[in-house]
Amino acid sequence: MAYTEDRAVWFEGQGLWQHVPESDWKSWTWQLKNRITTLDQLERYMVLTTEERRGIAFAGSKLALAITPYFFNLIDRNDPNCPIRLQLIPREGEAITSEEEMLDSLGEDEHSPVPGLVHRYPDRVLFLVTDRCASYCRYCTRSRLVSNAQDYNFHPEYEQALRYIESHTEVRDVLLSGGDPLLLSDKKLEHLLSRLRAIKHVEFIRIGSRIPVFLPQRITPELCDIFKKYGPIWMSIHVNHPKEATAELKEACERLSFAGVPLGNQSVLLRGVNDDPEVMKALVHRLLRMRVRPYYLYQMDLITGGSHFKVDVRKGIEIIRALRGHTTGYSVPQYVIDAPGGGGKVPINPDYVEKITDDEVVFKNYEGRTFRYPLKSTPRRNALEDSPLAGGAGASDADAGACHI
Ligand SMILES: *Cc1c(COP(=O)(O)O)cnc(C)c1O
């Protein structure tokens, strides 16, 4: 069944937590304290499937279960296939490790000069500042360390990491991630941002966070002031399905935008969640309405116990093909595979080019019609006489016809 924009509601309100004072509901610390983290708590609110009950029993040794009350409200408790439910509630599939899966599928630990720092690309580093999140995505690429269910004992060394960045003048871009950096206190975040801002060669600072989605209450005016003070700070949020685009998220994005934070979105292509061109179109349209530019669409990493989420790459290509040209160019993310073992992100694109020769490039447009663009210039027979130069007058900009802006 096609998913249409109109069918998604901009959810707002306290849902199952009507009895809670609004001041509590809007407090991010209240939301964190009242997260759903156990089988008993979940069963108080919903009827679980056998698959889920088995998954939850296993989750403790893989990746903790945690869902903020705000985000839990988005689950359709009558639908075992609810796209929000699939992302947050463990299923039996997590216990099945496939041959090709790895604990550290992106080879991050091998590229880590200092605990918590990954230096894979020449000019930028990934700085993992915490192993905790507001809620845990079951397909987490860092489930080896996040939530510490696997006894990884993640200890970021802020001082060592900062000194590494200070002494590596080639690092012009620092990406704070984790875990979720916005779980740090304002004070800690301000410390990190002020230290990074003081490094002359660091020209670009960004944060990867799903907090605006799980816990929009965290985007307080005080936090926004910190982003303003040390800006420009860029942010990639993580929305996978249009149901996540609530009024609360929209308002949180507005607060960030008005504080001068440019927003991008990263989605992971997930079976049963967003592996459908209509769902993805509704999602990217909603993102644009929230001032968020779709950035990456990820093929899921080969994490252990993730195969039940895996989508065929051909489906991902079909989704991009369904967007490009058919809707706003700003709304089309770059589909990538993060190369297993640590090769970095590689774009996977629909193939529009049919042929390139010395003479021409032959390609199809979004409707499947074929076009040709000549690469060789063949002067017309009377070119010299026709040329404006022949009459002695210079070619005007309009005649040159090269400006497409
Ligand atoms: C994703 C990633 C980055 C950032 O990549 P961009 O393409 O610049 O967004 C940097 N370092 C590591 C290790 C990454 O995984």
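Table for the structure above
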{"quantity": "Mean accessible surface per residue for the chain, computed with a 1.4 Å probe while every protein chain stays in place, in Å²", "calculated": "48"}
{"quantity": "Exposure ranking of Phe258, Phe371, Phe227 by accessible area [1.4 Å probe, largest first]", "calculated": "Phe258, Phe371, Phe227"}
{"quantity": "Cα shape, segment 287-390, gyration tensor, a/c 1.5 rule", "calculated": "prolate"}
{"quantity": "Nearest-20 debye value, the chain charge dipole, Cβ charges on Lys, Arg, Asp, Glu", "calculated": "560"}
{"quantity": "The chain, accessible surface, carbon-and-sulfur percent (1.4 angstrom probe)", "calculated": "52"}
{"quantity": "The chain: angle of helix 313-323 to the longest principal axis, Cα-based, in degrees nearest 10", "calculated": "60"}
{"quantity": "Accessible surface ranking that places the most exposed of Glu248, Glu99 first, with a 1.4 angstrom probe", "calculated": "Glu99, Glu248"}
{"quantity": "Among Met290, Met280, Met46: highest mean-square fluctuation, GNM of the chain, C-alpha pairs under 10 Å", "calculated": "Met46"}
{"quantity": "Relative contact order (%) - criterion: Cα under 8 Å, at least six apart; region: the chain", "calculated": "15"}
{"quantity": "Exposure ranking of Asp123, Asp180, Asp359 by accessible area [1.4 Å probe, largest first]", "calculated": "Asp359, Asp123, Asp180"}
{"quantity": "Sequence-distant residues sharing a close amide H with Arg293 (under 5 Å, placed H)", "calculated": "Leu263, Gly264, Asn265"}
{"quantity": "Fluctuation leader among Thr49, Thr130, Thr220 - the chain, Gaussian network, Cα springs under 10 angstrom", "calculated": "Thr49"}
{"quantity": "Exceeding the 28 Å Cα-Cα cut-off - candidates Lys188/Lys243; Lys315/Lys345; Lys26/Lys188; Lys281/Lys355; Lys188/Lys281; Lys187/Lys243", "calculated": "Lys188/Lys243; Lys281/Lys355; Lys188/Lys281; Lys187/Lys243"}
{"quantity": "Degrees between helix 186-197 axis and first principal axis of the chain (Cα, 0 to 90, nearest 10)", "calculated": "30"}
{"quantity": "Accessible surface of Tyr164 - all protein chains present, 1.4 Å probe, nearest 10 Å²", "calculated": "40"}
{"quantity": "Dipole of the chain [Lys/Arg +1, Asp/Glu -1 at C-beta], most positive-end residue of Phe204, Val336, Tyr164", "calculated": "Phe204"}
{"quantity": "Candidates Gly341, Gly264, Gly231: whichever shows maximal mean-square fluctuation once the chain is modelled as a Gaussian network with Cα springs under 10 Å", "calculated": "Gly341"}
{"quantity": "Cα centre as origin, Lys/Arg/Asp/Glu Cβ charges: segment 213-269 dipole, Debye", "calculated": "80"}
{"quantity": "Unit charges on C-beta of K, R, D, E only; dipole of segment 109-351, Debye", "calculated": "520"}
{"quantity": "Debye intensity ratio in log₁₀ form over the Cα atoms of the chain, taken at each q of 0.07 Å⁻¹", "calculated": "-0.39"}
{"quantity": "For segment 157-188 versus segment 222-267, the gap between their alpha-carbon centres in whole angstrom", "calculated": "19"}
{"quantity": "Rounded tilt (10° steps) of 221-230 against the dominant C-alpha axis of the chain", "calculated": "40"}
{"quantity": "Gyration tensor verdict on segment 161-289 (Cα atoms; rounded if a/c is under 1.5, prolate if a/b is larger than b/c, oblate otherwise)", "calculated": "prolate"}
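The values are calculated or read from the model by the stated rules, or taken from the named source; none is laboratory data. Just so it is clear, the structure is predicted and the values come from calculations on it, not from any experiment. Neighbour counts are summed over all protein chains in view; Cβ atoms, including those assigned to glycine, are modelled from backbone coordinates with ideal geometry. Surface accessibility is based on the protein's heavy atoms, side chains included, excluding ligands, DNA and RNA. Shrake-Rupley method; radii C 1.70, N 1.55, O 1.52, S 1.80 Å.
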